[in-house]
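Accompanying notes for the structure given below.
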Amino acid sequence: MTTYFKDTALALALIVLLCVSSVRAQSVFPMDVGSYWIYEGKTGWSRPGSSTIEEKVLQWRSQVVGRADGRGFRVAIFRGFPSDLAWYEPGKEPGVYALVETSHLAYYLLEHPRSEEVRASRKVEASELSSDRLLFRWPMMPGNRFGDPASVERADGMYVWVVEDRSPADLTAIRGVKKGKSATRYRLTLRTNPDHTFVDFVPGIGITHYTYGHHGTPAYTDLRLVEFGKK
């Protein structure tokens with residue numbers, strides 16, 4: 001693990017002020033260093049000033065590269081995440097993310113710009129743990145909403161993560177998952193006027209399907225998990 005990722009994780013552990021009860025031993029979202037996810041799918045985009053849609057079939061990797069445990073929270077540092085491909089352009093590199101798990105099993109996803117400023121400061125602001133960065137709380141039930149309190153109260157269910165569906169998960173095509181494993185898939189959706197994001201989440205495995213679509217300037221991505229493991 002590089003000094004950058006190690007220091008970033010430790011900085012997060014120092015600045016995040018969360019409740020003090022212990023987090024249970026097994027995370028709903030895998031957070032052990034070395035855990036990885038390989039996705040395959042396609043992404044489409046258009047260049048500035050062009051109406052031509054370009055498309056690429058590709059593979060994308062997400063991996064936990066750092067970890068910090070504190071009293072009442074855990075932080076996993078990810079290199080790469082499916083949301084990297086919401087807006088793709090040739091040569092795009094995997095981003096750096098922090099997934100924060102609280103003792104109440106609330107999961108916040110923070111994106112860290114890969115800039116020299118962030119590398120030098122090696123920290124994120126505590127204010128980043130805001131409701132609009134809340135991905136979900138566990139346990140989940142269809143109809144649950146996660147996000148900004150004002151958006152949670154909207155009658156149309158937009159601008160907030162919504163648990164729209166729960167069903168048995170089909171894991172047969174995912175390498176590294178034990179054959180015959182029984183699991184449940186939760187479908188989370190985030191709909192706004194300009195775009196939509198659909199995420200299939202399986203406890204103990206993570207994100208198994210990621211879809212993004214923009215309603216104006218063409219941009220779309222559809223990724224499925226093809227391998228899950230730990231190195």
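The values are calculated or read from the model by the stated rules, or taken from the named source; none is laboratory data. Not measured: the values here are computed from a predicted model. Ideal geometry is used to build each Cβ from the backbone, glycine not excepted, and the neighbour counts take in all protein chains shown.
State all residues of segment 179-231 that are touching a residue at least 60 places away in the same chain (Cβ under 8 Å) and basic (Lys, Arg); if no residue qualifies, say none.
Arg224, Lys230, Lys231
Considering each of Ala150, Ala120 in turn, give the residue that is assigned to a helix (DSSP H, G or I), modelled with pLDDT under 90 and aliphatic (A, V, I, L, M).
Ala120
Scanning segment 29-63 for residues that are aliphatic (A, V, I, L, M) and modelled with pLDDT under 95, which turns out nearest to Ile207 (Cα to Cα)?
To start, the set of residues in segment 29-63 that are aliphatic (A, V, I, L, M) comprises 31, 33, 38, 53, 57-58.
Among the residues that remain, those that are also modelled with pLDDT under 95 are: 31, 33, 53.
On the way: Met31: 13, Val33: 17, Ile53: 27 Å.
By that ranking, first place goes to Met31.
What do you reckon, is Ala219 modelled with pLDDT under 95, within 22 Å of Arg61 (Cα to Cα) and out of contact with any helix residue (DSSP H, G or I) (no Cβ under 6 Å at 6 or more places or on another chain)?
Against the criterion (modelled with pLDDT under 95, within 22 Å of Arg61 (Cα to Cα) and out of contact with any helix residue (DSSP H, G or I) (no Cβ under 6 Å at 6 or more places or on another chain)), Ala219 qualifies.
Can you name the residue in segment 174-210 that is surrounded by fewer than 18 Cβ atoms within 10 Å (Cβ to Cβ) and hydroxyl-bearing (Ser, Thr, Tyr) and is also farthest from Val160 (Cα to Cα) among such residues?
Filtering segment 174-210 for residues that are surrounded by fewer than 18 Cβ atoms within 10 Å (Cβ to Cβ) and hydroxyl-bearing (Ser, Thr, Tyr), the one farthest from Val160 (Cα to Cα) comes out as Ser182.
If only one of Val100, Val162 is among the aliphatic types (A, V, I, L, M), modelled with pLDDT under 95 and part of a strand (DSSP E or B), which one is it?
Numbers: Val162 fails: modelled with pLDDT under 95.
Only one candidate qualifies: Val100.
All but one of (1) assigned to a strand (DSSP E or B); (2) within 25 Å of Met31 (Cα to Cα); (3) out of contact with any helix residue (DSSP H, G or I) (no Cβ under 9 Å at 6 or more places or on another chain) hold for His196; state the number of the condition that does not hold.
His196 satisfies all of (1) assigned to a strand (DSSP E or B); (2) within 25 Å of Met31 (Cα to Cα); (3) out of contact with any helix residue (DSSP H, G or I) (no Cβ under 9 Å at 6 or more places or on another chain) except (2).
Quick one: which of Arg166, Arg191, Arg154 is charged (D, E, K, R) and within 17 Å of Phe29 (Cβ to Cβ)?
Arg166
Please count how many residues of segment 199-219 are closer than 19 Å to Glu55 by Cβ, of a type in the set (Ser, Thr, Tyr) and part of a strand (DSSP E or B).
Going residue by residue through segment 199-219, those that are closer than 19 Å to Glu55 by Cβ are 209-219.
So of that shortlist, the ones also of a type in the set (Ser, Thr, Tyr) come out as 210-212, 217.
Pick out the ones that are also part of a strand (DSSP E or B) and you get 210-212.
So the answer is 3.
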